[in-house]
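Remarks on the structure that follows.
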Amino acid sequence: MPGDCISFLLDCNPQLVLASQSLDMNSQYFLVPVLAMLACGGLKAQNADTTPSASPAYSDSNDEHWRHHHHAWIWKKLGLTDAQKTQIKSIRQGLKGQFRPALAAVLKAKLKLRQDINANSPQGTIAADASALATAETQLATVRATEFNQIKAVLTQDQQKNLDDFVQKRQARMQERIDRLSQPTS
């Protein structure tokens, strides 16, 4: 069985022939998974080079992708018109000058806190870092709330109701998680 696997891999990737010729039987059992990963990695790399991504969301020019991708399905579910999409894009663009620095401040504060924790810094330093992180997160939350309220104003009443339902379900899931975490451990 392992010999069949190696033969298949060698047929798929002839560059592995030289490596396999010097292997004894025991090492072939060990190296089958390694050779499989090498062969599949080569195929993946070849596939990535020959076929460009169909999704424009992964292009370098689309800064909004990572910021809103995890909730993209709710915007699709709301059935936005082209005019609403344009308005929402305009709102996001308008707040981009506030959002990016606020997000950068949060990330910098998190990085500093993690570095000080890893460096076994004094409690006072870690407390100051945590306070700086809280301040940065407050600023980011304020920008996000502004964005959310402006976007919500663009929606119809039915769309607002659907969005409110989504928000309530998300809050209920969060409360369930809080309740589970608040239970005494056994």
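L163: within 26 Å of K77 (Cα to Cα) and within 22 Å of the chain's Cα centre (by Cα), yes or no? Criteria not met by L163. The condition of being part of a helix (DSSP H, G or I), surrounded by 13 or more Cβ atoms within 10 Å (Cβ to Cβ), at pLDDT 95 or above and not aliphatic (A, V, I, L, M) does not hold for R92. Looking for something closer than 30 Å to Q115 by Cβ and aliphatic (A, V, I, L, M) - is there at least one such residue anywhere in segment 167-176? Within segment 167-176, one or more residues are closer than 30 Å to Q115 by Cβ and aliphatic (A, V, I, L, M).
Residues of segment 96-126 that are over 20 Å from the mean Cα position of the chain (by Cα) and either outside any helix (DSSP H, G or I) or within 12 Å of Q139 (Cα to Cα) (or both): Q98, A119, N120, S121, P122. Condition check for A145 on (1) surrounded by 14 or more Cβ atoms within 10 Å (Cβ to Cβ); (2) under 28 Å from I88 (Cα atoms); (3) among the small types (G, A, S): one failure, at (1). The number of residues in segment 72-111 that are under 21 Å from Q157 (Cβ atoms) and among the aliphatic types (A, V, I, L, M) comes to 6.
The values are calculated or read from the model by the stated rules, or taken from the named source; none is laboratory data. The structure presented is a predicted model; accordingly, all values stated were derived computationally and were not measured. Glycine also receives a Cβ, built like all others from the backbone with ideal geometry; neighbour counts cover every protein chain displayed.
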